[in-house]
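Asker: Before I ask anything, here is the structure I am working with.
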Amino acid sequence: MTIPAALTPKPRVLLGPGPSDVPHSILQALALPTIGHLDPAFLAVMDDIRAMLRDVFKTGNPTTVPTSGTGSSGMETCMVNLLEPGDRVLVGINGVFGTRMAEVARRCSASVTAVEGAWGRALDLNDFKKAAGASRFKLVCVVHAETSTGALQNLDGFSGFAHDRGALLMVDAVTSLGGVPFEMDAWGIDAVYSGTQKCLACPPGLSPVSLSENAVTTLQVRNAPVQSWYLDLSLIGQYWGTERVYHHTAPINMLFALHEALRLILEEGLDVRHRRHRTNAEALWAGLTAMGLTLPVPDAERLPPLTVVQVPDGIDEAAVRAQLLKEYNLEIGGGLGPMQGKVWRIGLMGHGSNRKNVTLCLAALTAALRAQGHTAKDDPLAAANAVWA
Ligand SMILES: *Cc1c(COP(=O)(O)O)cnc(C)c1O
């Protein structure tokens, strides 16, 4: 029997906003035999994953587990566990994912105060202070790496600010974890979630979360049970903890894959990995600038795993992406939300952040733009090579 065409996709180079390229050993982990979710052999996998996740999040929190679902399920998990109807939440909004956090909080019947900032810029802590006034809050929410705009949020001072107002600090680290420095405990973060398909270099399907001791206490003293049975961390914790009580069937093979992904990250070393992401991003930025393209996010706030590039006047941006895919098997992203049609988003995430991919992307983009009459100002590859030299 032949394998249907639908199941023989061409391998792509994934330089979009996620999913990112998955290393071979992780794909092999997915193909391991499926075993039972209470099999003693599997319990060892779970213990390893919790320990490695703590190392990657830089936390000692016992409540550190991958939840079943993509990054948004981690967002929802943190919200539904920590919020009760009427709770006040302060949410920073400078892109699609801050907007999504506010929406999820509202659906938990929380009262949301938005701190709006320019898309493509980091948020200013002073704007949080102004919006908060003298009020107290249950949660202060902020996105560390806004994948929709390419802005990296400096989190200095955020935990002190949140804690002074009686709030827990909740951070979206979907695109930052494994790609830029992230220090849960040192930065005083109470709730964090990430996703496997960005800088962790795994397929989509799991969302690691971690709760601080104060966040766990907040969960324990709730007035009413968590409204989502599936995402209730007090129940999920009984499966991941010593009790091993069945809650829902863990996605066994995805967890094998996450185990391998975390192992690769710790083998490379977090500092080396972060430097790799930064150097390759700087090479990409140098190349794009040499082409005469504009990077709207200021240098100091630019996110190494995800670069936003302004589409030059007169260029059909979708045709460029289609050409890259067709002729180079190369995927880059278009703009999201209000930035649709105006920008490209180029991801250098996890395994995909390497010299070969940057070189391919610059060469392919130069050719696709030339096909529409846009000539590069200077030599993009020479500019990128100068960064690696
Ligand atoms: C991708 C992403 C999400 C959502 O993750 P999904 O896996 O698509 O559910 C949330 N926040 C940020 C910053 C992201 O980049």
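Asker: Would a scan of segment 205-216 turn up a residue that is under 15 Å from the mean Cα position of the chain (by Cα), open to solvent by 10 Å² or more (accessible area, probe 1.4 Å), within 16 Å of the ligand (Cβ to nearest atom) and not basic (Lys, Arg)? Spell out the reasoning first.
Answerer: Applying the first criterion (under 15 Å from the mean Cα position of the chain (by Cα)) to segment 205-216 yields 205-210.
Now restrict to residues that are open to solvent by 10 Å² or more (accessible area, probe 1.4 Å): 205.
Adding the requirement that they be within 16 Å of the ligand (Cβ to nearest atom) leaves 205.
Okay, now just the ones that are also not basic (Lys, Arg), so 205.
Within segment 205-216, one or more residues are under 15 Å from the mean Cα position of the chain (by Cα), open to solvent by 10 Å² or more (accessible area, probe 1.4 Å), within 16 Å of the ligand (Cβ to nearest atom) and not basic (Lys, Arg).
Asker: Quick one: Asn94 ticks every box in (1) within 16 Å of the ligand (Cβ to nearest atom); (2) out of contact with any Asp or Glu (no Cβ under 8 Å at 6 or more places or on another chain); (3) among the polar types (S, T, N, Q) bar one, so which box is it?
Answerer: Against the list (1) within 16 Å of the ligand (Cβ to nearest atom); (2) out of contact with any Asp or Glu (no Cβ under 8 Å at 6 or more places or on another chain); (3) among the polar types (S, T, N, Q), Asn94 comes up short only on (2).
Asker: Continuing with this model, one more query. Conditions: (1) surrounded by fewer than 24 Cβ atoms within 10 Å (Cβ to Cβ); (2) away from the ligand (no atom under 16 Å from the Cβ); (3) over 17 Å from Gly60 (Cα atoms). Pro251 meets all but one. Number of the miss?
Answerer: (2)
Asker: Here are some conditions: (1) farther than 29 Å from Val226 by Cα; (2) within 16 Å of the ligand (Cβ to nearest atom); (3) free of Cβ contacts under 8 Å to residues at least 40 places away in the same chain; (4) outside any loop (DSSP other than H, G, I, E, B). Leu14 meets all but one. Which one does it not meet?
Answerer: (3)
Asker: Something else now. Which one of the conditions (1) within 17 Å of Asp55 (Cα to Cα); (2) of a type in the set (D, E, K, R); (3) buried (at least 24 other Cβ atoms within 10 Å of the Cβ); (4) within 16 Å of the chain's Cα centre (by Cα) does Asp190 fail to meet, given that it meets all the rest?
Answerer: Of (1) within 17 Å of Asp55 (Cα to Cα); (2) of a type in the set (D, E, K, R); (3) buried (at least 24 other Cβ atoms within 10 Å of the Cβ); (4) within 16 Å of the chain's Cα centre (by Cα), only one is false for Asp190: (4).
Asker: Continuing with this model, one more query. Quick check, is Glu183 on the phi < 0 side of the Ramachandran plot and away from the ligand (no atom under 11 Å from the Cβ)?
Answerer: Spelling it out, Glu183 is indeed on the phi < 0 side of the Ramachandran plot and away from the ligand (no atom under 11 Å from the Cβ).
Asker: Any residue in segment 67-78 that is within 8 Å of Leu206 (Cα to Cα) sitting within a Cβ distance under 7 Å of a residue that is of a type in the set (S, T, N, Q) and more than 6 Å from the ligand (Cβ to nearest atom)? List the pairs, counting only those 6 or more apart or interchain.
Answerer: Qualifying pairs under 7 Å: Thr67/Ser73; Thr67/Thr77; Thr67/Ser207; Gly69/Ser207; Thr70/Ser207; Gly71/Ser194; Gly71/Ser207.
Asker: Identify, from the list Ala105, Ala29, Ala41, the residue that is surrounded by fewer than 19 Cβ atoms within 10 Å (Cβ to Cβ) and hydrophobic (A, V, I, L, M, F, W, C).
Answerer: Only one candidate passes the filter, namely Ala41.
Asker: When segment 328-362 is examined, which residues are found to be open to solvent by less than 20 Å² (accessible area, probe 1.4 Å) and aliphatic (A, V, I, L, M)? Spell out how you get there, then give the answer.
Answerer: Of the residues in segment 328-362, the ones open to solvent by less than 20 Å² (accessible area, probe 1.4 Å) are 330, 332-335, 343-350, 352-353, 357-358, 361-362.
Residues satisfying the conditions are Leu330, Ile332, Val343, Ile346, Leu348, Met349, Val358, Leu362.
Asker: Would you be able to tell me the number of residues in segment 112-149 that are surrounded by 14 or more Cβ atoms within 10 Å (Cβ to Cβ), among the hydroxyl-bearing types (Ser, Thr, Tyr) and away from the ligand (no atom under 16 Å from the Cβ)?
Answerer: 1
Asker: For segment 1-11, give me each residue that is free of Cβ contacts under 8 Å to residues at least 40 places away in the same chain and either under 18 Å from Glu331 (Cβ atoms) or of a type outside the set (Val, Ile, Thr) (or both).
Answerer: Met1, Pro4, Ala5, Ala6, Leu7, Thr8, Pro9
Asker: Also: Could you please tell me which pairs satisfy a Cβ distance under 7 Å, a separation of 6+ or placement on different chains, a first residue in segment 305-324 that is free of Cβ contacts under 8 Å to residues at least 60 places away in the same chain and within 30 Å of Arg275 (Cβ to Cβ), and a second residue that is more than 16 Å from the ligand (Cβ to nearest atom) and β-branched (Val, Ile, Thr)?
Answerer: Note: pairs meeting the criteria are Gln310/Thr294.
Asker: Taking the criterion of being within 14 Å of the ligand (Cβ to nearest atom) and either at positive phi or not aliphatic (A, V, I, L, M) (or both), would at least one residue in segment 56-65 satisfy it?
Answerer: Checked against the condition, which is being within 14 Å of the ligand (Cβ to nearest atom) and either at positive phi or not aliphatic (A, V, I, L, M) (or both), segment 56-65 yields no hits at all.
The values are calculated or read from the model by the stated rules, or taken from the named source; none is laboratory data. This one's a predicted model, so the numbers in the text were calculated from it and none came from an experiment. No Cβ is skipped: glycine too gets one built from the backbone with ideal geometry, and neighbour counts run over all protein chains shown. Heads up: the accessible areas ignore ligands, DNA and RNA and are worked out on the full protein's heavy atoms, side chains in. Shrake-Rupley method; radii C 1.70, N 1.55, O 1.52, S 1.80 Å.
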